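Here the structure comes first, spelled out in structure tokens, and everything after it is commentary.
The values are calculated or read from the model by the stated rules, or taken from the named source; none is laboratory data. All figures in this text were calculated on a predicted structure; none of them were measured in a lab. As a convention, Cβ positions derive from the backbone with ideal geometry for all residues, glycine included, and neighbour counts pool all protein chains shown. Surface accessibility is based on the protein's heavy atoms, side chains included, excluding ligands, DNA and RNA. Shrake-Rupley method; radii C 1.70, N 1.55, O 1.52, S 1.80 Å.
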Amino acid sequence: MEILDPNLQLYLETHCDTEPEVLKKINRNTHLKQLKPHMLSGHYQGRLLSMLSKLVQPKLVLEVGTFTGYATICLAEGLAEDGKVHTIEGNPELEETLRNNFELADVQDRIELYIGDAREVIFGFTENIYDLAFIDADKKSNLAYFELIIDKLRPGGLIIIDNVLWKGKVYGDAKDADTELFRKLNDTIAVNTQVEKIILPVRDGVLIIRKK
């Protein structure tokens, strides 16, 4: 979902780094083979995730919602030496595709894939402290994921949440349940004094949160 003018989106994409060939292939295969290819982060957002990861140089990344692994690979681009991405996917039917895509990108040794309920998996990470987290899974649970992750994030670490402008509905008159959930998420984090925060109008809205 893009909320920006298509001409602006095209301009942005042609004035950032080019999409790596392996990600072009994953992008294309996702659109050919998956029922909801719009869930893919895509070129421009992928370069943003890569840039943020490279700025943080994380030793440990947590991703909630893997889909076909496009964003996972982008996040892995910025890992510190011996760094790892822990990524959680709820759909077991995607496991083979994910493992193939990670091998295609030659990052299989830097990614730990977990298949299952994200809240249960995160709850089990009792010893892990993360440098960077990306939340892009079932939208109804975004606030729950944030609350689970924030205590597992080091000071100065980032949490990135996707789709927070929700097709532009959050700043309109929509009253449906999903829109209200996104408003609650954004409003709750806006007044959270434990973090700094900013929303970028990238694709469907990206909320970047820095733990103080």
Looking at the structure I just gave you, is residue 129 in contact (Cβ under 8 Å) with a residue 60 or more places away in the chain and surrounded by 15 or more Cβ atoms within 10 Å (Cβ to Cβ)? no
When you scan the stretch 110-119, do you find a residue that is in contact with a His (Cβ under 6 Å, 6 or more places away or on another chain), open to solvent by 10 Å² or more (accessible area, probe 1.4 Å) and assigned to a strand (DSSP E or B), even just one? yes
Which condition from (1) assigned to a strand (DSSP E or B); (2) open to solvent by 30 Å² or more (accessible area, probe 1.4 Å); (3) under 21 Å from residue 90 (Cβ atoms) is the one that residue 160 breaks? (2)
On the basis of being touching a strand residue (DSSP E or B) at 6+ places or on another chain (Cβ under 9 Å), crowded, with 20+ Cβ neighbours inside 10 Å and modelled with pLDDT of 95 or more, does residue 95 make the cut? no
When the stretch 34-50 is examined, which residues are found to be without any contact (Cβ under 8 Å) to a residue 12 or more places away in the chain and either touching a helix residue (DSSP H, G or I) at 6+ places or on another chain (Cβ under 9 Å) or open to solvent by less than 30 Å² (accessible area, probe 1.4 Å) (or both)? 37
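Please go through the stretch 2-40 and pick out each residue that is assigned to a helix (DSSP H, G or I) and among the basic types (Lys, Arg).
Answer for the stretch 2-40, where residues must be assigned to a helix (DSSP H, G or I) and among the basic types (Lys, Arg): 24, 25, 28, 33.
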Go through the residues of the stretch 51-70 one by one and say whether even a single one is modelled with pLDDT under 95 and outside any helix (DSSP H, G or I). no
Selected residue (criterion: modelled with the lowest pLDDT) from residues of the stretch 168-207 that are farther than 19 Å from residue 148 by Cβ and open to solvent by less than 10 Å² (accessible area, probe 1.4 Å): 204
